[in-house]
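> Encoded as structure tokens, here's the structure I'll be asking about.
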Amino acid sequence: MFEQFDFHVIINAMPILWDGMLITLLLAVVAIVGGIVIGTVLALMRLSRFTPFSLVAGSYVNFFRSMPLILVIFWFYFLVPMATGQALGGLSSVLIAFTLFEAAYYCEIIRAGIQSVTRNQINAGLAVGLSYPQTMRYIVLPQAFRNMVPVFLTQAIVLFQDTSLVYVVGLKDFLTAADLVAVRDNRVVELFITAAVVYLAICLAGSLWVKKLQRKYAL
Amino acid sequence: MIAIHNVNKWFDEFQVLKDCSTKVDKGEVVVICGPSGSGKSTLIKCVNGLEPFQEGTITVNGVSVGDKQTNLPELRSHIGMVFQNFELFPHMTVLENIGLGQTKVLGREPSEAEARSMKLLERVGLTDQASKHPAQLSGGQQQRVAIARALAMDPIAMLFDEPTSALDPEMINEVLDVMVELAQEGMTMIVVTHEMGFARKVADRVVFMDEGQIVEDDTTDAFFGTPRSDRAQSFLSKILQH
Ligand SMILES: Nc1ncnc2c1ncn2[C@@H]1O[C@H](COP(=O)(O)OP(=O)(O)O)[C@@H](O)[C@H]1O
Ligand SMILES: [Mg+2]
């Protein structure tokens, strides 16, 4: 099957694949950044001694972690419009669904990261006169994030691959686009191999970038 | 300057401090010793409010530590603390470690803070390590940086929690030398340590703790002359054998 590998097919498919890649990247970036920001807030709430905070954050996490991502997408696409009378549209639905869903996972990663910083480090921060929020900001979170980098990477890669779920609301991410062309042109070999190579390249680039970051900030 | 008055503290059911009272005057150096688990660390952490206590009072310069109205960060910024395991901030350079409290708590300009940090590094003999990270330093060097970090806040008193017990023997003296110098300059100090040579040399008083109680609180000469309690005697004979 490989002797007939036709690069023209891929070149012709470039514009469609690129559009798909933009959706994939947009979704991944928004969900990672939004997920980390909301996840950090949730993690701080979850660790808070103020019980209502920790209860709310804990329920949020448990709730989203029991749901399949695809179901969360369905809610925002189908149910929220029914409740509010206003359609969100495919892209907004998935951006919100992915971000809220990822936030639950990032919350747990960040919580573990925060807990990996010892009580003595917190005491050392407090002892120089930093307030508790300052100690969090300057002492705990920087160390927590540094410890979390490898897990963040794994989570980002999973998310990157999960973006293909958006086909359920009619969006074309990179993989969906490749699949469409493959079926349309009857060129399964070219398209699926290309897709695999692209995923591999991006994940590899991500890993290398993280390694570089770790070297730069590792101690 | 520091007055500890009938302090009782519990961790759940377990009473870790039992009716502890002592005081430290300005310029005084008090050594606290006693078996592991006797509550020494807990007691000095109560002094700067890192540990809450349920009964009794502690005042530092007239400010009541246990009072809910007390601004603890403000109070702590005047009391230096040095930990057994140094607790430098691993993600910051030596200079950043010493500068953090100066800029974020005292509000010094970064340039002013840096100048002060360099002065302190000179004092502890580490100017050439300023841009390194803690992990690149030996234990003795880290502890000297930790002392500089505490001094950078211009503290009115210093608390040391076994500052040399995590160090290799050959590094103990470089840290003790800095502490002796501080003591001789008149710094008010509470030092939890088993370095009896240090105690003899600079301590005004020695406090001996056992099972959460202050069993002995005496002038240094009296303590090393004839400790009154059997427990202190047997403790001393054990650690002086080394
Ligand atoms: N956070 C804590 N929770 C419960 N028990 C503790 C805690 N910290 C210390 N303890 C207990 O309190 C006792 C005194 O501890 P500590 O003050 O560290 O003793 P020392 O410094 O004299 O070795 C020990 O029995 C220890 O196990
Ligand atoms: Mg201790």
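The values are calculated or read from the model by the stated rules, or taken from the named source; none is laboratory data. All of these numbers come straight from a predicted model, not from anything done at the bench. Cβ: placed from backbone, ideal geometry, glycine included. Neighbour counts: every protein chain shown. Side chains are part of the model used for accessible areas, which takes the heavy atoms of the whole protein and leaves out ligands, DNA and RNA. Shrake-Rupley method; radii C 1.70, N 1.55, O 1.52, S 1.80 Å.
> How many of the residues in segment A:117-127 are open to solvent by less than 10 Å² (accessible area, probe 1.4 Å) and at the interface with chain B (Cβ under 7 Å from one of its Cβ atoms)?
The number of residues fulfilling the criteria is 3.
> Considering only segment A:58-78, state which residues are aliphatic (A, V, I, L, M) and open to solvent by 20 Å² or more (accessible area, probe 1.4 Å).
From segment A:58-78, those aliphatic (A, V, I, L, M) are A:61, A:67, A:69-73; that's our starting set.
A:Met67, A:Ile70, A:Leu71, listed by residue number.
> Among the candidates B:Leu43, B:Leu75, B:Leu50, single out the residue that is within 14 Å of ligand 1 (Cβ to nearest atom) and either outside any loop (DSSP other than H, G, I, E, B) or more than 13 Å from chain A (Cβ to nearest Cβ) (or both).
Numbers: B:Leu75 fails: within 14 Å of ligand 1 (Cβ to nearest atom); B:Leu50 fails: either outside any loop (DSSP other than H, G, I, E, B) or more than 13 Å from chain A (Cβ to nearest Cβ) (or both).
When all the criteria are applied, what remains is B:Leu43.
> Test of understanding: among B:Ile4, B:Ile44, B:Ile32, B:Ile58, which residue is in contact with a Gly (Cβ under 8 Å, 6 or more places away or on another chain) and under 21 Å from B:Thr220 (Cβ atoms)?
So the residue among B:Ile4, B:Ile44, B:Ile32, B:Ile58 that is in contact with a Gly (Cβ under 8 Å, 6 or more places away or on another chain) and under 21 Å from B:Thr220 (Cβ atoms) is B:Ile4.
> Give me the residue from segment B:81-102 that is in contact with a strand residue (DSSP E or B) (Cβ under 7 Å, 6 or more places away or on another chain) and within 8 Å of chain A (Cβ to nearest Cβ) and, out of that set, nearest to B:Leu159 (Cα to Cα). Even if it seems obvious, please write down each step before you answer.
At the first step, the residues of segment B:81-102 found to be in contact with a strand residue (DSSP E or B) (Cβ under 7 Å, 6 or more places away or on another chain) are B:81-84.
Now restrict to residues that are within 8 Å of chain A (Cβ to nearest Cβ): B:81, B:83.
Values: B:Met81: 5, B:Phe83: 9 Å.
The qualifying residue nearest to B:Leu159 (Cα to Cα) is B:Met81.
> I need the full set of residues from segment B:188-202 which are open to solvent by 30 Å² or more (accessible area, probe 1.4 Å) and either touching a Ser or Thr at 6+ places or on another chain (Cβ under 8 Å) or not in a helix (DSSP H, G or I) (or both), in order please. So that I can check it myself, show each step before the final result.
Going residue by residue through segment B:188-202, those that are open to solvent by 30 Å² or more (accessible area, probe 1.4 Å) are B:194-195, B:197, B:200-201.
Once the filter is applied, which keeps residues that are open to solvent by 30 Å² or more (accessible area, probe 1.4 Å) and either touching a Ser or Thr at 6+ places or on another chain (Cβ under 8 Å) or not in a helix (DSSP H, G or I) (or both), segment B:188-202 yields B:His194, B:Glu195, B:Arg200.
> Among the residues of segment B:1-40, write down those that are in a loop (DSSP other than H, G, I, E, B), at negative phi and free of Cβ contacts under 8 Å to residues at least 24 places away in the same chain.
Listed by number, the residues that qualify are B:Glu13, B:Ser36.
> Among the candidates B:Ala166, B:Ala115, B:Ala183, B:Ala146, which residue alone is within 13 Å of chain A (Cβ to nearest Cβ) and part of a helix (DSSP H, G or I)? Working first, answer last.
Numbers: B:Ala166 fails: part of a helix (DSSP H, G or I); B:Ala115 fails: within 13 Å of chain A (Cβ to nearest Cβ); B:Ala183 fails: within 13 Å of chain A (Cβ to nearest Cβ).
Exactly one of B:Ala166, B:Ala115, B:Ala183, B:Ala146 is within 13 Å of chain A (Cβ to nearest Cβ) and part of a helix (DSSP H, G or I), namely B:Ala146.
> Can you pull out the residues in segment A:11-40 that are open to solvent by less than 20 Å² (accessible area, probe 1.4 Å) and more than 15 Å from A:Phe160 (Cα to Cα)?
A:Ala13, A:Leu17, A:Gly39, listed by residue number.
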